[in-house]
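J.: The following block contains the structure, expressed as structure tokens.
Bear in mind these aren't lab numbers, they're just calculated from the coordinates by the rules spelled out. Just so we're clear, the structure is a prediction, and the values are computed from it rather than from any experiment. So basically every Cβ, Gly included, is an ideal-geometry build from the backbone, and we count neighbours across all protein chains shown.
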Amino acid sequence: MTTLNGASELILAEFVTEWGSTTPYAFTNEEARTLDAGEVAWCWVSVSEVGGGQDTLGAKGNRKYWWIAEVTVQVFTPVGEGSKDGETLAKQAKDIYEGERLGGLYFNDGRVTRVGPSEEKWDQNNAVIRFGFEEIK
């Protein structure tokens, strides 16, 4: 049982452990701006709530909520260095979570989507992995 903030902390810590030095990565807008100014592949990791709600009735402090959320890893590779690299990195990011259980988080299906080039600088691929968790309120 956790909260979205607690889930984010677990997810980002797992990413740091599993991704290692594969590419630089960002968790905040400020970090992303710095990496976007560079010339090497990088990724931006974020967690967002998708939906869910109250699962059981009960007194305050004993109500269960089931939430659905997604971890998104946006992979940016320099345009002209081949979109295959970005797709490979996005699949690698997806494999960190898909089908796994991390603490009280249950990861389900993931998908890799090619966004394509933007601003003539970056080719973008996204890995999106859905997960669920329970929260007590």
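J.: Taking R0 as 35 Å, what's the FRET efficiency between residue 66 and residue 95 from their Cβ-Cβ distance, rounded to 0.05?
T.: The value I calculate is 0.90.
J.: At a threshold of 8 angstrom on Cα-Cα distance, excluding pairs fewer than six apart, so keeping six or more, what relative contact order does the chain reach in percent? Please list the in-between numbers first.
T.: Numbers: 273 pairs, mean separation 36.1, N = 137.
Reported as a whole number, the value is 26 percent.
J.: Another one. Gap in Å between the Cα centre of the stretch 108-126 and the Cα centre of the stretch 29-89?
T.: 13
J.: Quick check: net charge around residue 117, other residues with Cβ under 12 Å of its Cβ, Lys/Arg +1 and Asp/Glu -1?
T.: Taking every other residue near residue 117 into account, the sum is -2.
J.: Find the lysine pairs in the chain meeting two conditions, Cα atoms under 29 Å apart and a separation of 8 or more places or different chains, and report how many there are.
T.: Value for the chain: 7.
J.: Right, something else. Can you pull out the GluC sites (Glu not before Pro) in the stretch 36-137 that DSSP calls coil and that have at most 16 other Cβ atoms within 10 Å? Don't skip to the end; give the middle numbers.
T.: Values: sites: 39, 49, 70, 81, 87, 98, 100, 119, 120, 134, 135; in loops: 39, 81, 98, 100, 119, 120.
Sites meeting the loop and neighbour criteria: 39, 81, 100, 119, 120.
J.: Once label points are set 7 Å from the Cα along Cα→Cβ at both residue 121 and residue 17, what is their separation, rounded to one decimal in nm?
T.: According to this spin-label approximation, the distance is 3.4 nm.
J.: Now, a different point. Given C-alpha coordinates of the chain, what is the ratio Rg to Rh with the Kirkwood estimate of Rh?
T.: 1.05
J.: Assign unit charges at the C-beta atoms only (+1 for Lys and Arg, -1 for Asp and Glu), then state the dipole size of the stretch 4-136 relative to its Cα centre in Debye, rounded to the nearest 20.
T.: Details: 12 positive and 22 negative charges, 98 e Å.
Its charge dipole is roughly 480 debye.
J.: In the Gaussian network model of the chain, springs joining C-alpha atoms below 10 Å, which of 46, 83, 21 carries the largest mean-square fluctuation?
T.: Ranking 46, 83, 21 by mean-square fluctuation puts 21 first.
J.: Relative to the longest principal axis of the C-alpha atoms of the chain, give the angle of the C-alpha long axis of helix 4-19, reported between 0 and 90° and rounded to the nearest 10°.
T.: So the helix axis and the longest Cα principal axis differ by about 40 degrees.
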